[in-house]
Amino acid sequence: MDPASAGPASAGFAPGGPGPVTSGPDASPSSAAPGARPAVACGGRGGPYQRQAERWLGLRADGKQSAADCRAIRAFQRKHGIDPATGTAGPATWARMRALSAPAHSAPHTRPLRGCPVRSYRVACVDLTHKRTWVQQRGRILYGPVPMRSGGVRHPTRTGWFRIYWRHRHHWSTLYDSPMPYAQFFSGGQAFHAVRGSIRTVGGSMGCVNLRLADARGLWKVLRKGDHVYVWGRRPRG
């Protein structure tokens with residue numbers, strides 16, 4: 001189901017990436033003197049990359065700094081060693097986000113994995129048993145495999161053949177009031193989409209196939225409306 005998971009979302013996406021970045025350009029004009037760690041309250045000052053940061057974090061991308069935006073950006077900065085962590089989306093923050101968003105591994109010449117039928121057309125394969133998804137066509141993998149989180153016991157991801165019928169890059173769930181970046185719907189309210197925080201959680205999603213941001217973005221680039229989706233297996237408990 002739309003959207004991400006039964007549990008609360010974290011402050012921001014947390015894909016893996018290179019080591020910490022320390023830089024000053026993200027500091028606001030009101031920052032403390034050089035060498036001092038500023039204790040700046042979130043106040044509504046947006047940086048030059050406000051809209052891009054909002055999209056990256058799965059927030060409402062209106063380009064306006066809200067207190068929630070500031071807290072999410074600041075949490076990202078602290079997590080990735082950007083100092084000072086002012087909550088303002090400056091060049092260092094955006095550069096770090098772009099580095100973390102490098103496409104996930106893809107193996108265009110790898111033979112298809114077991115379980116997913118080989119077809120002449122693209123097939124997005126969802127292996128519930130092994131918690132992974134990929135795209136293949138004519139005996140070769142076009143993207144993935146990448147880890148994913150499927151629906152839990154109460155809201156299982158439906159199995160069988162489907163087709164992607166609607167794509168919305170900056171989708172927002174009105175049902176759960178939650179972001180669903182890079183949403184690609186294939187079965188009612190069930191879709192591939194990115195989630196905030198870790199996909200390694202107990203309980204599963206509300207039926208959607210949850211992906212890390214970089215993986216959801218990579219899948220978005222490979223798939224198109226009308227592409228086939230094949231879901232099989234059974235999600236392990238826990």
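Readers should treat all values here as calculations from the given coordinates under stated rules, not as data from a laboratory. Please read all numbers here as calculations on a predicted model, not as lab measurements. Positions of Cβ are generated from backbone atoms using ideal geometry, with glycine treated the same way; all protein chains shown enter the neighbour counts.
A few remarks follow.
- Taking label positions 7 Å along the Cα-Cβ direction at both LYS221 and SER66, the computed distance is 3.0 nm, reported to one decimal.
- Ordering of 45-56, 128-139 by packing [mean C-beta count within 10 Å, highest first]: 45-56, 128-139
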